[in-house]
Amino acid sequence: MTMTITITAFERSPDRGKGLARDMRVRWALEEVGQAYNVRLLSFKAMKEPAHLALQPFGQIPTYEEGDLALFESGAIVFHIAEHHAGLLPDDAKARARAITWMFAALATMEPPIVDRAIARFAEGNESWYEQRLSMVDDRIRTRLSELSVRLGTDDWLDGAFSAGDLLMVSVLLRLQGSGILEEYPNLFAYVARGEERPAYQRAFAAQLAVFTAASTG
Ligand SMILES: N[C@@H](CCC(=O)N[C@@H](CS)C(=O)NCC(=O)O)C(=O)O
């Protein structure tokens, strides 16, 4: 039996409820496996205070608490959920290892240039060299997207059935929303849409949006 699960999320997400904050991938994983969870909302100030730093040494969200287990890093949290509940990793040992490989590929190969784009916009958007930098970052993103697009081909998911690898990959690619870049790769665009159509994704999205809406109207 699973103990009560508590995750942390932004009290007021900077993305205004677009579902791009990293609690979304944890919520999605918990919804996929049908596991209830509580959410502790944090202000930016509280995220940097000792109580939260004890859980997340970098003062970030998300975290995950279950009994006396406390985890941070969204990838590690999704992996933990996938290991302890059926539905996110195949039973076959080799297929499971490949799905885990896609989890790492999403976070270690695809996410860095995509996050770099957001950082450039946020931190360097007013610099005279911003457009030049953005175009270099976008080229690096396009390289990875075209390689991923070739690998996915006409398949629905990266390796057989939907897995935690797809959950993380779709979550990462969603961060390109609004850039217009993903649309250049129709199979990846459709892949992301397929992820978003999943009922578990929809429930997780609605839950995080409700937090933002409450914070804006309250
Ligand atoms: N690699 C970490 C990154 C966590 C992260 O960057 N969280 C962001 C929200 S999506 C955050 O808390 N930002 C606020 C800050 O860094 O002060 C993970 O995947 O959990």
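The values are calculated or read from the model by the stated rules, or taken from the named source; none is laboratory data. Since the structure is predicted, the reported quantities are computational estimates derived from the model, not experimental observations. We place every Cβ from the backbone using ideal geometry, glycine too, and count neighbours over all the protein chains shown. Accessible surface areas use protein heavy atoms only, side chains included; no ligands, DNA or RNA. Shrake-Rupley method; radii C 1.70, N 1.55, O 1.52, S 1.80 Å.
The residues of the stretch 11-25 that are within 12 Å of the ligand (Cβ to nearest atom) and crowded, with 17+ Cβ neighbours inside 10 Å, listed by number, are GLU11, SER13, LYS18, GLY19, LEU20, ALA21, ARG22, ASP23, MET24, ARG25. Do we find that GLU83 is closer than 26 Å to ALA214 by Cα and at pLDDT 95 or above in this structure? No, not satisfied. Of all residue pairs spaced 6 or more apart or on separate chains, those with beta-carbon atoms under 9 Å, a first member in the stretch 62-77 that is farther than 18 Å from GLY19 by Cα and open to solvent by 50 Å² or more (accessible area, probe 1.4 Å) and a second member that is more than 9 Å from the ligand (Cβ to nearest atom) and part of a helix (DSSP H, G or I) are LEU69/HIS80. Taking the criterion of being in contact with a helix residue (DSSP H, G or I) (Cβ under 8 Å, 6 or more places away or on another chain), within 16 Å of the ligand (Cβ to nearest atom) and not in a strand (DSSP E or B), the residues of the stretch 57-99 that qualify are GLY59, GLN60, ILE61, PRO62, SER74, GLY75, ILE77, VAL78, PHE79, ILE81, ALA82. Selection within the stretch 26-52: residues that are within 24 Å of ASP68 (Cβ to Cβ), within 13 Å of the ligand (Cβ to nearest atom) and not in a loop (DSSP other than H, G, I, E, B). The member of this set that is most open to solvent (accessible area, probe 1.4 Å) is LEU41.
Go through GLY153, GLY165, GLY160 for me and flag whichever is open to solvent by less than 10 Å² (accessible area, probe 1.4 Å) and either outside the structural domain of ARG98 (by TED's automatic domain parsing) or in contact (Cβ under 8 Å) with a residue 12 or more places away in the chain (or both). Outline the logic, then answer.
On the way: GLY153 fails: open to solvent by less than 10 Å² (accessible area, probe 1.4 Å); GLY160 fails: open to solvent by less than 10 Å² (accessible area, probe 1.4 Å).
The match here is GLY165.
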